[in-house]
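Just below is one structure, and these are the notes that go with it.
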Amino acid sequence: MQAWITNVMEQFGYIGIFLIIALENIFPPIPSEVILPFGGFMTTYTSLTVPGVIAAATAGSVAGALVLYGIGRLLSGDRLERIVDRWGGWLRVKPEDIAKANRTFQRYGVWAVFFGRMVPLVRSLISIPAGMAKMNIGLFVWLSVLGTLIWNTALVSIGAALGQSWGKVSEVIGMYAEVVYIVIAISLAASAVRLWKRRRTS
């Protein structure tokens, strides 16, 4: 997959970056930690610029996010779970991934859209519960742009700085993702315990 991603980006430039990032938001298995650092690296030997790559990636991210937001508005939770049960293996998305994104949104509200853009996998799926909650679309786009811009700027800039060593970013992001998932799991578990204690005493 990595070879296909880099080939598309080299062949189509900004348009390729836009399309790949849009797909990355719709199909989470496409890793942004490969796309963005490589996009930064491309600025060292092509006519592409760091601001241009960031702009194309951010536009692609928001476009993909709007697709999932629209799906969330159209589908109920039960229907979405049935679809993921049937097709999740092909999409490499599990029902618990959707449930995790939904719990994160319920726990943190609209700010989950902003902070979720900086968490691998969650950054894509968080759009679905936002749509299901019928979050104001203007606010959704605004928070998505801000969160995505931070994530994209960091990874593209690091890729440009590392040059041919851009691939090392994926290893660091992988460790970062594991830490974030653990923090989210602990936070959700703590919230569940507090809710259980509150109901028990009431």
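Among the aromatic types (Phe, Trp, Tyr), over 27 Å from GLY52 (Cα atoms) and either at pLDDT 75 or above or part of a helix (DSSP H, G or I) (or both): is that true of PHE115 in this structure?
The answer is no for PHE115.
Could you list, in sequence order, all residues of region 8-42 that are hydroxyl-bearing (Ser, Thr, Tyr) and modelled with pLDDT under 90?
Passing the criteria: only SER32.
Please count how many residues of region 129-142 are open to solvent by 50 Å² or more (accessible area, probe 1.4 Å) and in a loop (DSSP other than H, G, I, E, B).
3
Could you please let me know if VAL145 is surrounded by fewer than 21 Cβ atoms within 10 Å (Cβ to Cβ) and modelled with pLDDT under 80?
No; evaluated as a whole, the condition is false for this residue.
Looking at ILE173, ILE98, ILE126, which one is open to solvent by less than 50 Å² (accessible area, probe 1.4 Å) and modelled with pLDDT under 60?
Answer to the check: ILE173.
Which one of these is at pLDDT 65 or above, surrounded by 22 or more Cβ atoms within 10 Å (Cβ to Cβ) and assigned to a helix (DSSP H, G or I): ALA56, ALA63? Working first, answer last.
On the way: ALA63 fails: surrounded by 22 or more Cβ atoms within 10 Å (Cβ to Cβ).
Among ALA56, ALA63, only ALA56 is at pLDDT 65 or above, surrounded by 22 or more Cβ atoms within 10 Å (Cβ to Cβ) and assigned to a helix (DSSP H, G or I).
The values are calculated or read from the model by the stated rules, or taken from the named source; none is laboratory data. On a predicted model such as this, the values are computed, not experimentally measured, just so you know. Note that we place each Cβ from the backbone using ideal geometry, even for glycine, and neighbour counts take in every protein chain shown. Only protein heavy atoms, including side chains, enter the accessible area calculation; ligands, DNA and RNA are left aside. Shrake-Rupley method; radii C 1.70, N 1.55, O 1.52, S 1.80 Å.
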